[in-house]
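Enquirer: Following this message is one structure expressed as structure tokens.
Taken together, the values in this text are just the output of simple stated rules run on the coordinates, not laboratory data. Keep in mind it's a predicted model, so treat the numbers as computed, not measured. All Cβ positions, even for glycine, are placed from backbone atoms using ideal geometry, and neighbour counts span all protein chains on display.
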Amino acid sequence: MNGMKIIERREVPGLAGLYLAELPGEGMRMVEFVDTVEPGVAKEKKWVLMISTQFGCAVGCRMCDAGAMGFHGNLTAGEMLAQVRKVLLDNPGLDPAVHPKLKIHFARMGEPALNPEVLEALRLLPSELPYPGLMPSLSTVAPKTPEAEAFLERLIDIKNAYYGGGRFQLQFSVHATAPALRKKIVPIPVWSPAEIAAYGARFVRAGDRKITLNFALPEGERLDIEELKRTFAPSLFLIKVTPVNPTYTADLSGSSYVWSNPPAGLSGDAAALKAAGFDVIISPSSKEEIEGETSCGQLWAARLKQRAAEGTGKKSRRARTLPFNWERAALLLVDMQGLFIDPASPAYMPQALPALANAVRLALSFRGRGLPVLFTAHAHKDPASDGGLMALWWKRTCLAGTPEAEVAPVLGALEGEVFLKCRYSAFTNVRVAERLKTLGVDSLVIAGLKTNLCVESTVRDAFDLGFMCIVAEDAVAARSRELHLASLAGMAEGFAMVRATDEILRGSGG
């Protein structure tokens with residue numbers, strides 16, 4: 001199995017077996033895959049294997065945990081096929097050589113169109129499993145990048161060469177017809193409906209399966225029936241509507257929307273689409289799916305958050321315990337702003353969402369005890385004059401007065417609590433230290449973004465200014481786990497105590 005190590009297996013009776021595996025190599029190499037069925041269809045009739053194509057996800061849709069802890073690289077074709085082999089090996093009672101429908105779905109974690117190795121895996125599959133029941137499928141958000149567009153062009157050739165006659169299923173995860181809502185759900189540039197329709201006309205040949213257009217709408221949203229009828233040919237496309245099952249990411253973004261029977265509006269939309277000639281699939285929430293936490297990335301994200309909290313070098317980071325004056329403490333939240341938290345921002349960090357959730361808990365606790373809460377927001381009024389080396393180092397700067405410069409509303413920042421800065425450290429705005437001294441603060445709990453840049457710079461300056469600091473390790477985040485953990489270890493070595501949010505709340509009496 002190419003050195004694959006199964007570190008957890010979760011069974012949801014009658015529905016799915018979830019695997020969490022670690023692959024050899026440097027960095028974050030965990031991946032999840034699933035042995036499952038279509039609800040109501042016996043496994044002997046239709047067997048579904050959902051495999052991952054990336055470690056994490058490079059997209060970070062607002063309902064999906066696959067991107068909740070960031071993107072850590074692409075899998076190789078061999079690593080994808082190893083997932084398939086493991087599931088087949090664990091089912092000795094099922095013979096893939098005679099199985100009527102063995103569906104290999106490239107749709108678990110990751111965006112397949114951003115990994116060219118998926119095409120190689122598709123090319124190799126018929127040799128690996130030369131069986132009549134083999135049917136690969138692939139789900140994509142249709143990224144509007146040269147890499148993805150080249151991938152989708154080659155996919156046509158792969159499908160025609162190896163999987164003609166209805167032996168391949170393609171799905172576009174469109175999620176919404178309204179452009180603004182679609183952009184909010186899928187935070188990267190994507191093909192327009194017209195571009196998807198034009199591609200479908202070239203992709204589908206006689207005897208091929210129709211392309212699925214999948215919509216996972218938030219509560220209260222509807223399909224634009226006229227847009228769908230105007231843009232897509234019912235002979236080439238079918239419509240699928242799904243709920244938004246609760247995941248860590250969906251709950252945090254407020255987009256969870258569970259239903260076992262489609263709401264009246266969606267039922268009406270489905271009827272109108274059927275009347276227009278479309279095949280329509282309504283796929284309701286399953287109690288077993290929700291309770292088993294089987295949505296994409298849930299198992300992976302939960303384990304990775306656990307690892308991030310535990311970190312490396314845990315003993316050395318936690319060995320130092322120094323006096324901390326809770327009566328003279330304040331919470332300083334660094335750059336918890338739209339630049340990093342809004343999925344529509346080009347600097348969006350999916351891994352910031354777990355940190356934000358813990359920052360909210362800290363803010364509520366400090367306010368409940370009547371202790372000060374301060375915020376910084378990184379923003380430039382005029383990068384040409386106030387950008388300094390920041391403007392040279394980073395291709396794009398955040399401008400004051402834009403949504404990217406606003407502190408996340410969920411944190412409830414009050415007037416006078418937000419301090420703008422245009423350098424890494426919060427203390428480059430001298431008013432921060434002045435306010436803290438005026439409030440009689442000599443001890444700080446610090447959280448925010450990014451761990452290795454603005455947070456660490458702030459902690460180092462706070463130390464030199466005489467503030468005793470605790471860094472909330474699970475309320476800070478960086479672009480990668482390696483940077484995050486290295487920064488925490490450096491701060492623990494000489495500048496701050498490093499603690500989990502739960503420990504901080506217990507210590508403060510919150």
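Enquirer: In nanometres, what is the gap between the two model label sites at residue 439 and residue 415, each 7 Å from Cα along Cα-to-Cβ?
Expert: 1.8
Enquirer: By how many degrees, between 0 and 90 and to the nearest 10, does the Cα long axis of helix 264-275 differ from the longest principal axis of the chain?
Expert: So the helix axis and the longest Cα principal axis differ by about 30 degrees.
Enquirer: Can you return the aspartates and glutamates within cross-link range of residue 381? Criterion is Cα-Cα under 14 Å, with same-chain partners fewer than 8 residues away left out.
Expert: The qualifying aspartates and glutamates are 404, 406.
Enquirer: Name the long-range amide H neighbours of residue 281: under 5 Å, sequence gap of 5 or more, or other chain; modelled H, no Pro or chain starts.
Expert: 239, 240, 241
Enquirer: So, R0 is 51 Å and r is the distance between the beta-carbons of residue 89 and residue 181; what FRET efficiency does that work out to, to 0.05? Mind dumping the intermediate values first?
Expert: Values: r = 42 Å, r/R0 = 0.83.
The computed FRET efficiency comes out at 0.75.
Enquirer: Describe numerically, in nm with one decimal, the distance between label points set 7 Å from Cα along Cα→Cβ at residue 195 and at residue 264.
Expert: A separation of 3.8 nm, rounded to one decimal place.
Enquirer: Within 10 Å of each residue's Cβ, count the other Cβ atoms and sort 199, 131, 19 from fewest upward.
Expert: Working: 199 21, 131 15, 19 24.
So the residues, fewest neighbours to most, are 131, 199, 19.
Enquirer: Under unit Cβ charges (Lys, Arg +1; Asp, Glu -1), what dipole magnitude, rounded to 20 debye, does the chain have relative to its Cα centre?
Expert: On the way: 57 positive and 55 negative charges, 44 e Å.
For the chain, the charge dipole is close to 220 debye.
Enquirer: May I ask you to derive the relative contact order of segment 398-468, considering only C-alpha pairs under 8 Å and at least 6 residues apart, and to give it as an integer percent?
Expert: Details: 44 pairs, mean separation 19.7, N = 71.
Once normalised by length, the contact order is 28 percent.
Enquirer: Residue by residue through segment 83-91, which ³J(HN,Hα) values in whole Hz follow from phi under the Karplus form 6.51 cos²θ - 1.76 cosθ + 1.60 (θ = phi - 60°), with glycine and proline marked x?
Expert: Ordered by residue, 3J(HN,Hα) equals 5, 4, 4, 5, 5, 4, 5, 7, 10 Hz.
Enquirer: Related question: So what J values fall out for segment 468-485 if you push phi through Karplus, 6.51 cos²θ - 1.76 cosθ + 1.60 with θ = phi - 60°, rounded to Hz, Gly and Pro as x?
Expert: Here the 3J(HN,Hα) series is 6, 10, 10, 9, 7, 4, 9, 10, 10, 8, 10, 5, 9, 4, 4, 5, 4, 5 Hz.
Enquirer: Dipole of segment 353-438 (Lys/Arg Cβ +1, Asp/Glu Cβ -1, origin at the Cα centre): which of 376, 357, 391 lies farthest to the positive side?
Expert: 357
Enquirer: Need the full-extension length gain, residue 226 to residue 381, defined as separation in residues times 0.36 nm minus the C-alpha distance. One decimal, nm. Spell out each step's value before the answer.
Expert: Numbers: separation 155, 0.36 × 155 = 55.80 nm, distance 4.36 nm.
51.4 nm is the gain from fully extending residue 226 to residue 381.
Enquirer: Hey, can you grab everything whose amide H is under 5 Å from the amide H of residue 377? Only 5+ residues off in sequence or another chain; H modelled, so Pro and N-termini drop out.
Expert: Here 335, 419, 420, 421 satisfy the definition.
Enquirer: OK, next. Per the helix-only calculation at 222 nm, which mean residue ellipticity applies to the chain, given -39500 (n - 2.57) for every DSSP H run of n ≥ 4 and division by its residues, nearest 500 deg cm²/dmol?
Expert: On the way: 19 runs with 180 residues, N = 510.
Calculated mean residue ellipticity at 222 nm is -10000 deg cm²/dmol.
Enquirer: Percent antiparallel among DSSP beta bridges with both residues in the chain, to the nearest 5? Can you show the working numbers first?
Expert: Values: 22 of 72 bridges.
Around 30 percent of the beta bridges assigned by DSSP in the chain are antiparallel ones.
Enquirer: Through the Karplus equation 6.51 cos²θ - 1.76 cosθ + 1.60, θ set to phi - 60°, convert the phi angles of segment 151-156 into ³J(HN,Hα) values in whole Hz; use x for Gly and Pro.
Expert: 4, 5, 5, 5, 4, 4
Enquirer: Sticking with this structure for a sec: Pairing the Cα long axis of helix 298-310 with the longest principal axis of the chain, what angle in degrees results, from 0 to 90 and rounded to the nearest 10?
Expert: 30
Enquirer: Check which residues have an amide H placed less than 5 Å from residue 257's amide H, if you skip close sequence neighbours.
Expert: Amide H neighbours of residue 257: 244, 245.
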